Amino acid sequence: MPEQTPPILRYFAFDHLPDHLKAVSAPFADLANQLAATLPPGPETSVALRKLLESKDAAVRAALDLPKES
């Protein structure tokens, strides 16, 4: 029986973001997908993905304060 994709992965989508925020968000999505593919499902994997999501959100918010390129 194939493993289901964890629903939390949808929150790592970044195609809708402006380019400067995509660059910040994309590595988090890559790592989230790698973790979901390699770790067994369970509470610790869920915690790891949730905390990675929190970190991604904070990094994207921080990038909102970067100076705009002209």
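The values are calculated or read from the model by the stated rules, or taken from the named source; none is laboratory data. Please read all numbers here as calculations on a predicted model, not as lab measurements. So basically every Cβ, Gly included, is an ideal-geometry build from the backbone, and we count neighbours across all protein chains shown. Each accessible area value is taken on the protein alone, full model and side chains, heavy atoms only, with ligands, DNA and RNA left out. Shrake-Rupley method; radii C 1.70, N 1.55, O 1.52, S 1.80 Å.
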Just name the residue that is nearest to Thr45 (Cα to Cα) out of those in the stretch 1-17 that are modelled with pLDDT of 95 or more and loosely packed, with under 10 Cβ neighbours inside 10 Å.
-> Pro7
Filter the stretch 18-30 for residues that are open to solvent by less than 100 Å² (accessible area, probe 1.4 Å) and more than 11 Å from the chain's Cα centre (by Cα); the one that is farthest from Thr5 (Cα to Cα) is His20
So which pairs qualify, if the first residue must be in the stretch 1-30 and more than 15 Å from Leu49 (Cα to Cα), the second must be in a loop (DSSP other than H, G, I, E, B) and modelled with pLDDT of 95 or more, the Cβ gap must be under 6 Å, and the two must be at least 6 apart or on different chains?
-> Lys22/Phe14
With the first residue restricted to the stretch 34-59 and required to be over 10 Å from Pro6 (Cβ atoms) and without any contact (Cβ under 8 Å) to a residue 12 or more places away in the chain, and the second required to be open to solvent by 90 Å² or more (accessible area, probe 1.4 Å) and aromatic (Phe, Trp, Tyr), Cβ contacts under 9 Å at 6 or more apart or on different chains are Asp57/Tyr11
Filtering the stretch 31-43 down to residues that are in a helix (DSSP H, G or I) and surrounded by fewer than 12 Cβ atoms within 10 Å (Cβ to Cβ) yields Gln34, Ala37, Thr38, Pro43
